[in-house]
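Bear in mind these aren't lab numbers, they're just calculated from the coordinates by the rules spelled out. Computed from a predicted model, the values in this text were never measured in an experiment. Every residue, glycine among them, receives a Cβ derived from its backbone with ideal geometry; neighbour counts consider all protein chains shown.
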Amino acid sequence: MILTDTHEIPGSGGASVYAPKGPRFPAPRSPEGEAGLPSSVDKTIEAEPASPALQALLDQLAELQLRRKFYISLTNKQVNAIRALTRRALGWRADDEGREKINARAARIVASALAGKTQKPEDEPAFAALAADLAVCAAVLQPLAEARAEVEKDMRRAARKLPAYDFAKSVHGLGDLGLAVLVGEAGDLASYPKKGHLWKRLGLAPMHGQALSTWRRTGGLSADDWKSAGYSPRRRAEVYAVISEPLFRAQSVADGPYRAIYDRRRAAAEAAHPDWSKLHSHMDALRVMTKSLLRDLRNEWRRASMVAPDGQGLRALRIPFPNCEEPGA
């Protein structure tokens with residue numbers, strides 16, 4: 001059995017249906033089957049350019065996301081710097097076989113200090129020696145955290161004005177910030193002719209049967225391959241941190257349909273690739289689950305910003321297209 005990165009289990013169909021409060025939407029399916037838009041509709045209806053008001057909102061989110069990443073980058077630099085100082089105080093050396101344990105211990109000391117938690121007894125001497133430095137770092141990080149929080153507040157407020165917000169709100173695990181970050185990174189979702197273009201933009205499309213994150217770790221792609229892929233590790237990391245992981249946790253608690261897609265992919269991977277580690281299988285299933293969500297979100301977004309061949313706009317977000325099944329049908 002050959003398991004591709006792009007597809008769910010052959011013949012598995014859609015995930016179990018659930019009906020959220022408010023507007024009703026087509027049930028999510030695995031990336032093998034298009035949910036929401038029948039293929040005939042997808043081919044005959046094209047999205048019109050974003051309105052001036054929507055374009056202004058998209059530009060605002062792109063700028064806010066850039067500023068958000070700016071504050072995250074500054075924060076990471078400060079944390080990495082104080083970790084390096086702590087490692088040095090613990091006797092870290094590049095040629096020391098125990099350096100990984102020292103790295104972990106330094107990270108623990110810094111995390112506890114910045115969170116205001118009590119240090120472990122064995123870490124107290126090192127903490128006492130670095131207390132002044134850690135206090136300075138904490139003072140530097142505080143305004144960065146406050147500035148990031150203000151940016152994210154603006155992003156959440158803007159996300160509530162986006163097309164398909166009602167659908168996004170109905171999905172356990174896709175919060176206002178997740179939607180805002182996604183649009184800040186990808187722009188107008190209706191502008192992507194096919195779902196694969198959106199997956200590629202966000203680093204989720206495979207190349208030669210493997211995830212690009214795997215190729216980045218193992219090597220083997222040419223410079224032309226990477227140029228063609230347009231892969232951004234930082235953008236991929238944003239998708240993982242703000243969309244994939246929160247979605248997985250919330251769907252697991254709610255026993256939601258996207259968790260069902262994850263479970264089926266995980267089972268297929270274990271059968272087809274018994275050599276894969278648990279982490280490899282998890283990340284593979286997480287990627288397929290995320291792609292399913294993005295496909296469904298793009299479809300709902302396009303419902304609100306489409307134009308028929310005769311130029312008639314189709315913007316009834318809550319009215320399904322003909323032959324498009326709703327949950328429970």
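Measuring nothing but how far apart in sequence close Cα pairs (under 8 Å, 6+ apart) lie, relative to its length, the range 248-310 scores a relative contact order of 32 percent. Of the cross-linked pairs K101/K278; K161/K291; K153/K291; K117/K169, which ones have a Cα-Cα span greater than 32 Å in the structure shown? Beyond 32 Å: K117/K169. Working ranking of peptides 234-245, 294-305, 140-151 by packing, defined as the average number of other Cβ atoms within 10 Å per residue, highest first, is 294-305, 234-245, 140-151. FRET efficiency for the pair R157 and A271, taken as 1/(1 + (r/R0)^6) with r the Cβ-Cβ distance and R0 = 35 Å, rounds to 0.15. With unit charges on the beta carbons (Lys and Arg positive, Asp and Glu negative) and the dipole taken about the Cα centre of the range 74-178, which residue among A94, A129, G175 sits farthest to the positive side? The residue sitting farthest along the positive end of the dipole is G175. Using R0 = 25 Å, the C-beta based FRET efficiency linking A84 and K120 works out to 0.75.
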